[in-house]
1. Which residue pairs have Cβ atoms closer than 8 Å, lie 6 or more positions apart in sequence or on different chains, and pair a first residue in the range 131-142 that is under 9 Å from H259 (Cβ atoms) with a second residue that is aromatic (F, W, Y)?
2. Quick check on my filter: what residues within the range 217-246 are surrounded by fewer than 14 Cβ atoms within 10 Å (Cβ to Cβ) and within 21 Å of the chain's Cα centre (by Cα)?
3. Sort out which residues of the range 251-263 are part of a loop (DSSP other than H, G, I, E, B) and either crowded, with 24+ Cβ neighbours inside 10 Å or of a type in the set (A, V, I, L, M) (or both), and write them in order of number.
4. May I ask you to list the residues in the range 1-51 that are of a type in the set (S, T, N, Q), in a strand (DSSP E or B) and either in contact with an Asp or Glu (Cβ under 8 Å, 6 or more places away or on another chain) or under 17 Å from C85 (Cα atoms) (or both)?
5. Go through the range 141-195 and report how many residues are open to solvent by 20 Å² or more (accessible area, probe 1.4 Å), within 20 Å of I299 (Cα to Cα) and of a type in the set (F, W, Y).
6. Considering only residues of the range 306-331 that are under 21 Å from the mean Cα position of the chain (by Cα) and open to solvent by less than 40 Å² (accessible area, probe 1.4 Å), which is nearest to E281 (Cα to Cα)?
7. Filter the range 272-295 down to the residues that are touching a helix residue (DSSP H, G or I) at 6+ places or on another chain (Cβ under 7 Å), open to solvent by 20 Å² or more (accessible area, probe 1.4 Å) and in a loop (DSSP other than H, G, I, E, B) and list them by number.
Amino acid sequence: MDQRWGDAMTLALNLAANSPCPDPNPRVGCVIVADGQVVGQGWHHGAGTSHAEVEALHQAGDAARGATAVVTLEPCNHTGRTGPCSHALREAGVSRVVIAQSDPNPVAVGGEQFLRTNGVEVITGVLSEAAMALNADWTFSQTHRRPRVCWKYAATLDGRSAAPDGTSQWITGEEARHQVQIGRSRCGAIVVGTGTALADDPRLTVRLSEATCQPLRVVVGMRDLPAGCHLHDDSAETLQIRSHDPVEVLDVLWHRGIHRVWLEGGPRLAGAFLAADLVDEVIAHIAPTVLGDGRAAVIDPTVTTLALAHHFVIDDVCRLGPDIQIRAHHE
């Protein structure tokens with residue numbers, strides 16, 4: 001890594017953290033440096049708004065000519081809702097562009113090569129790991145051409161998600177339920193099956209005072225939802241995908257610009273995603289309770305022997321009041 005630009009890139013990353021999340025577009029920050037001084041800075045304010053580079057160039061004005069642009073993501077090289085940032089940087093007369101992360105989006109890629117071809121010095125890889133961590137879900141979705149799936153469930157010590165009579169509210173305590181709200185707020189879509197939607201009549205909204213937008217509520221399955229259910233209210237958009245195929249579900253969401261899915265469905269929907277090898281993360285909330293019988297947390301008919309089990313790597317274990325939270329990722 002070129003150490004000269006570490007401080008400027010740190011500032012650009014801090015600016016990028018102001019960008020909305022989730023959003024169809026990545027979080028990007030940019031600073032313009034001339035004679036060792038920051039003369040312009042900007043970040044992306046969300047889909048349809050000016051990109052970070054354009055905002056920083058506008059602030060810098062004529063001072064951008066001959067200056068260095070430090071940007072957290074490779075400048076785009078295509079025209080979407082806005083023009084290509086690589087062209088804007090060249091036209092502004094910057095002499096050097098410092099990039100943290102290369103763009104994995106095949107549609108937007110090419111900014112680095114365009115700049116080099118047009119006589120602009122390009123330095124890459126400055127604080128690249130921090131930049132990729134800032135856009136982990138977006139980067140995953142661009143690489144895999146589907147959203148990242150996080151399966152969240154609550155269960156007892158003996159792996160039950162509901163009692164024999166179907167009651168399940170509340171297995172876990174207030175601290176765990178608050179953590180679920182935080183997790184929902186970081187996702188573009190919350191997904192359940194029609195069984196959960198009909199049995200629980202959930203709202204599937206983020207109930208945090210600081211929430212500025214609501215995830216897309218997604219119901220998977222063929223059965224119609226009753227007209228008066230909470231999922232038909234105006235608190236958030238609801239999409240019903242009449243399919244039982246997880247691949248099809250994720251493809252629909254991918255084309256809607258969703259990069260992270262919060263899977264909250266019942267045991268059969270979770271099992272379908274596991275069977276399709278489409279669960280990337282697990283967040284398990286385990287209550288210090290034993291039911292002895294009742295609904296299992298997951299039902300996957302494809303696992304008939306231990307050798308076919310799904311394996312995950314534990315990243316973190318912590319206490320949430322009386323409960324335990326386990327975070328894991330697919331190995």
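1. Once the first residue is under 9 Å from H259 (Cβ atoms) and sits in the range 131-142, its partners that are aromatic (F, W, Y) give S141/W254.
2. E237
3. I258, H259 - these are the residues of the range 251-263 that are part of a loop (DSSP other than H, G, I, E, B) and either crowded, with 24+ Cβ neighbours inside 10 Å or of a type in the set (A, V, I, L, M) (or both).
4. The answer is Q41, and nothing else.
5. Qualifying residue count, the range 141-195: 1.
6. So the residue we want is A328.
7. A276, the sole residue that qualifies.
Okay, residues lined up against (1) of a type in the set (D, E); (2) over 25 Å from A133 (Cβ atoms); (3) part of a helix (DSSP H, G or I); (4) modelled with pLDDT of 95 or more:
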residue	(1), (2), (3), (4)
V149	no, no, no, yes
L198	no, yes, yes, no
S209	no, yes, no, no
R217	no, yes, no, yes
L225	no, yes, no, no
D234	yes, yes, no, no
V249	no, yes, yes, yes
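The values are calculated or read from the model by the stated rules, or taken from the named source; none is laboratory data. Values in this document were obtained by computation on a predicted structure and should not be read as measured data. So basically every Cβ, Gly included, is an ideal-geometry build from the backbone, and we count neighbours across all protein chains shown. Only protein heavy atoms, including side chains, enter the accessible area calculation; ligands, DNA and RNA are left aside. Shrake-Rupley method; radii C 1.70, N 1.55, O 1.52, S 1.80 Å.
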